[in-house]
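> Below are the structure tokens for one structure; questions will follow.
The values are calculated or read from the model by the stated rules, or taken from the named source; none is laboratory data. Computed from a predicted structure; not experimentally measured. No Cβ is skipped: glycine too gets one built from the backbone with ideal geometry, and neighbour counts run over all protein chains shown.
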Amino acid sequence: MNGLLPETSSKTGPHGADQFIELLRTLADPIRLRMLRLLETQPHNSTGGLSVGELGEILKLPQSTVSRHLKTLTEAHLADARREGTSMFYRLAENGGTNGNGGGVVKQLRTLARSQLENDPLAKTDTQRLAAVLRKREPSASTAESFFGKNAPHWDQLRAQWFGDTFHLEALLALLNPDWTIADIGTGTGAMLPLLAPHVNQILAIDPNSAMLRNAKTRARDLNLSNIDFRLGAAEALPIDKATVDVALIALVLAYTTDPAAALREVHRILKPGGAVLIIDLQPHTVELFREKLNHRWMGFSQNQLTQWLTAAGFTSIRWHPLPAKAARSEKSNGTPVPDLFVLRAQSEGDARD
């Protein structure tokens, strides 16, 4: 063997002279050599490759001519094709050509051709045009700036149109510790269960009304939520053992209790040391409709009042935060005044939670 040409013992075998001569004919065409040189620069991954149109733009040839040469290269197993949507993209074959046979010789020939084309004016022009073609694939900084500049005033509405108003809030629930046990006190029909269940170990769903609890069970069954333990009981006397819960949730429930201070003492009892309670409820208000139609016992809670009750129950690190003003919800209330909400987080005495 002379370093390039393979030794042959058969004219028709997989390594024979006929096949090698056909390979030389394929590589002898200057257009195909330029194509292979361009394909050789593309990464062999899902984004690598050049389309017929891109190759035509680089080589300044009609697409019909490019397609004809690409057919020859793919039939010789020198190029691979992949489909992306309605387009075909071509790149250098992984096996080096000849259907895996004589690949070393093909690499030698490509290396020789590449060295001969290195200083060729056409090849240099191909390289410049290739860079220009690849730049077109990426949106320019000015294009991106123009797009976001134009859409900034209504970006939130545009995003909500495609993904909804709450996807980012629901996604944040993945921050919950998957080992936690959560008590959903006053679960009602279980509205919070589908949000919480995928992210924690267990939920204890508590409600004093059997009809509400039946609806919650139906919801959980329909959604295949299997990590929920339903229990009938009031917030002031929770059917939960001492120090067994990581987080207690009391969402729009405290206003229904007969004795909020007693309910908070019960919550402290069931929490593990360092466990947390999350309270969502109404700020102080004078909207009688909530007492008359919704059977509220309490007309909201002030930050000072809740802080006193929680401190007396043994809670620390109390954080109170107002939620968006009622003006943001007025369109859904048919003109009825809607009290403002708050969220409060407090921690049971002990080590901080993870």
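> Among (1) surrounded by 20 or more Cβ atoms within 10 Å (Cβ to Cβ); (2) more than 14 Å from residue 184 (Cα to Cα); (3) hydrophobic (A, V, I, L, M, F, W, C), there is one condition residue 240 misses while meeting the rest; what is its number?
Answer for residue 240: the failing condition is (2).
> Further question: Can you find a residue in the range 275-294 that is part of a helix (DSSP H, G or I), under 39 Å from the mean Cα position of the chain (by Cα) and buried (at least 20 other Cβ atoms within 10 Å of the Cβ)? Full working, then the answer.
The first filter runs over the range 275-294 and keeps only residues part of a helix (DSSP H, G or I), leaving 289-292.
Applying the additional criterion that residues be under 39 Å from the mean Cα position of the chain (by Cα) yields none.
No - not one qualifying residue is present in the range 275-294.
> On to the next question. Can you tell me which residues in the range 161-182 are surrounded by 13 or more Cβ atoms within 10 Å (Cβ to Cβ) and either not aliphatic (A, V, I, L, M) or not assigned by TED's automatic domain parsing to the domain that holds residue 247 (or both)?
Those that are surrounded by 13 or more Cβ atoms within 10 Å (Cβ to Cβ) and either not aliphatic (A, V, I, L, M) or not assigned by TED's automatic domain parsing to the domain that holds residue 247 (or both): 170, 177, 180, 181.
> Assess whether residue 312 counts as being in a helix (DSSP H, G or I) and not aromatic (Phe, Trp, Tyr). Break it down stepwise before answering.
Working: in a helix (DSSP H, G or I): yes; not aromatic (Phe, Trp, Tyr): yes.
Judged against the criteria, residue 312 is a match.
> Given the criterion over 40 Å from the mean Cα position of the chain (by Cα), crowded, with 19+ Cβ neighbours inside 10 Å and at pLDDT 70 or above, identify the matching residue among 110, 91. Break it down stepwise before answering.
Numbers: 91 fails: over 40 Å from the mean Cα position of the chain (by Cα).
Of 110, 91, the one residue that is over 40 Å from the mean Cα position of the chain (by Cα), crowded, with 19+ Cβ neighbours inside 10 Å and at pLDDT 70 or above is 110.
> If residue 193 meets every condition in (1) crowded, with 21+ Cβ neighbours inside 10 Å; (2) closer than 14 Å to residue 270 by Cβ apart from one, which number is that one?
Of everything listed in (1) crowded, with 21+ Cβ neighbours inside 10 Å; (2) closer than 14 Å to residue 270 by Cβ, residue 193 misses just condition (2).
> Give me the pairs, please: first residue somewhere in the range 67-78 and in the same structural domain as residue 22 (by TED's automatic domain parsing), second residue anywhere and assigned to a loop (DSSP other than H, G, I, E, B) and among the polar types (S, T, N, Q), beta-carbon distance under 7 Å, and either six or more positions apart or on two chains.
Listed pairs, sorted by first residue: 77/95.
> Could you please let me know if residue 205 is within 30 Å of the chain's Cα centre (by Cα), crowded, with 21+ Cβ neighbours inside 10 Å and over 20 Å from residue 268 (Cβ atoms)? Let's see the steps before the verdict.
On the way: within 30 Å of the chain's Cα centre (by Cα): yes; crowded, with 21+ Cβ neighbours inside 10 Å: yes; over 20 Å from residue 268 (Cβ atoms): no.
Against the criterion (within 30 Å of the chain's Cα centre (by Cα), crowded, with 21+ Cβ neighbours inside 10 Å and over 20 Å from residue 268 (Cβ atoms)), residue 205 does not qualify.
> Let me ask another. In the range 299-314, how many are loosely packed, with under 14 Cβ neighbours inside 10 Å and under 14 Å from residue 285 (Cα atoms)? Write out each step before concluding.
Filtering the range 299-314 down to residues loosely packed, with under 14 Cβ neighbours inside 10 Å leaves 302, 304, 308, 311-312.
Now restrict to residues that are under 14 Å from residue 285 (Cα atoms): 302.
Here the count works out to 1.
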